[in-house]
Structures are given as C-alpha cells and as structure tokens.
Amino acid sequence: MLKNYDRRNGFFNSINRFCNIFNIMILTKTQLANIFPTCNGEKIDIFLPFLNEFMAMYGITTYERICAFLAQVGHESGSLKYTEEIASGSAYEGRKDLGNTEIGDGKRFKGRGLIQITGRANYTQLAKVWNDNEILTNPTKLAEPELATKSACWWWQNRGLNALADIPTDDNFRKITKKINGGYNGYDDRKTRWQKIKIILK
C-alpha cells in the first residue's frame, strides 16, 4: 500500500510518486507496528519515513529484501530500541582489522546504527561515501534515527546483501547473518523474525 508519510518537516510526495512509478514496496505504519510490536508508537512514527526513504535509496525495495532486512535490523536494534551498542566499545581497542589504530578508537567508533557500524575503517568509508567528515569528528551522529537508518541501508547494499536476499533460502539467510554478525549470534531470533515478517508483509 502506498501512502504519503510525514517526516515531521514535510511530506514525501515525490517518494510516493517514485514508488508508484517503479512498483516499489513501501511500509505502512500498521505493518511496522506489527513487525515490531514492542516498539512504542512514537518510535514507529520516527523510523517509518526514514526506513521507506532509505530502503528505496539503497535498493531494499522488494518483498524478499525488505523481509530479510527488517529481520536482521530487528535483532540488531532490539526492535528499534537501540541505535548504539550497549557495551562501551573498549573491546575494539587496537583492532586493526576494524581500522582502530589510534588510542580511544574502540570507544569512539563503537557500534552505531540499526546495523551496528563498527570501527574507524567503516566510519571512514561511510564519511567518504556521504562526503560528511563530521561522521569522524562526531561519530555519535550515527546513533540519531535518520543516520542510524541510512547507515544500515547503505551497509546492507554495500555488502551485497540484496543479492543474497533475492534468493530467500535458509542458507542465504545464514550467509546474511554471518556477514552482519561475523558469526551466528542470535540466529534463532533472526530467523523467527524473518518468518514472522514474511507473513505480515505477504
């Protein structure tokens, strides 16, 4: 169902028209509330327009892609409750594989966003793509709802997860989990969410 969405400072009629023209799937408030029933209504209202805007921007536009994306985001963010890693980030200190080469990088570039962007290297890549160096000087920006959503959608596309989601097998969903998590932590919850979302959005 296609509707116009209030992003507090305007209506996204152009996005609605774009989605109509190209037959892009867009979420409704009711759908998102059913997908994340423990999320309060205020947060649903905040995240809904950002999800619709940035999923469209990064090609997360089909039933299969949206179902897989929201299942993973739901687990990573605790159903939109968290946009910043609960841990301090000190465990990442000195992690050269994350680009954390300077003192304090672990905490400074801890996981943020609906899919936890972690490490100086990933923040630097994002800053270059968006031409926004403030992401490096003020990395807590990624915890704000708009950029938390945008960064997750960017990361998903950048890591080739749309292609995996296009063939919605259990094996591919495990591969998506591995790319996001580095392992299979919380896999049962991710898969349960995936199965539920597929029913809600059918």
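What are the residues in the range 71-130 that are part of a loop (DSSP other than H, G, I, E, B) and in contact with a Phe, Trp or Tyr (Cβ under 6 Å, 6 or more places away or on another chain), if any?
Listed by number, the residues that qualify are Ser79, Leu80, Asn100, Phe109, Ile115, Gly119.
Considering only the range 55-67, state which residues are part of a helix (DSSP H, G or I) and crowded, with 22+ Cβ neighbours inside 10 Å.
Met55, Arg65, Ile66, Cys67, listed by residue number.
Which of the residues that make up the range 68-119 are of a type in the set (Lys, Arg) and surrounded by fewer than 22 Cβ atoms within 10 Å (Cβ to Cβ)?
Of everything in the range 68-119, those that are of a type in the set (Lys, Arg) and surrounded by fewer than 22 Cβ atoms within 10 Å (Cβ to Cβ) turn out to be Lys81, Arg95, Lys96, Lys107, Arg108.
Out of all the residues in the range 163-202, which are at pLDDT 95 or above and either in a loop (DSSP other than H, G, I, E, B) or polar (S, T, N, Q) (or both)?
If the condition is that a residue be at pLDDT 95 or above and either in a loop (DSSP other than H, G, I, E, B) or polar (S, T, N, Q) (or both), then Ile167, Pro168, Thr169, Asn172, Thr177, Gly183, Tyr184, Asn185, Gly186, Thr192, Gln195 are the ones that fit.
From Arg108, Arg112, grab the single residue that is basic (Lys, Arg) and over 26 Å from Asn172 (Cα atoms).
It is Arg108.
Limited to the range 159-170, what total is found for residues that are more than 12 Å from the chain's Cα centre (by Cα) and under 17 Å from Asn122 (Cα atoms)?
So the count comes out to 2.
Of all residues in the range 131-155, which are without any contact (Cβ under 8 Å) to a residue 40 or more places away in the chain, more than 13 Å from the chain's Cα centre (by Cα) and in a helix (DSSP H, G or I)?
Those that are without any contact (Cβ under 8 Å) to a residue 40 or more places away in the chain, more than 13 Å from the chain's Cα centre (by Cα) and in a helix (DSSP H, G or I): Glu134, Ile135, Leu136, Thr137, Pro139, Lys141.
Count, please, the residues in the range 148-173 that happen to be surrounded by 15 or more Cβ atoms within 10 Å (Cβ to Cβ) and among the basic types (Lys, Arg).
Result for the range 148-173: 1.
The values are calculated or read from the model by the stated rules, or taken from the named source; none is laboratory data. This one's a predicted model, so the numbers in the text were calculated from it and none came from an experiment. Heads up, the Cβs are rebuilt from the backbone with ideal geometry, glycines too, and the neighbour counts pull from every protein chain shown.
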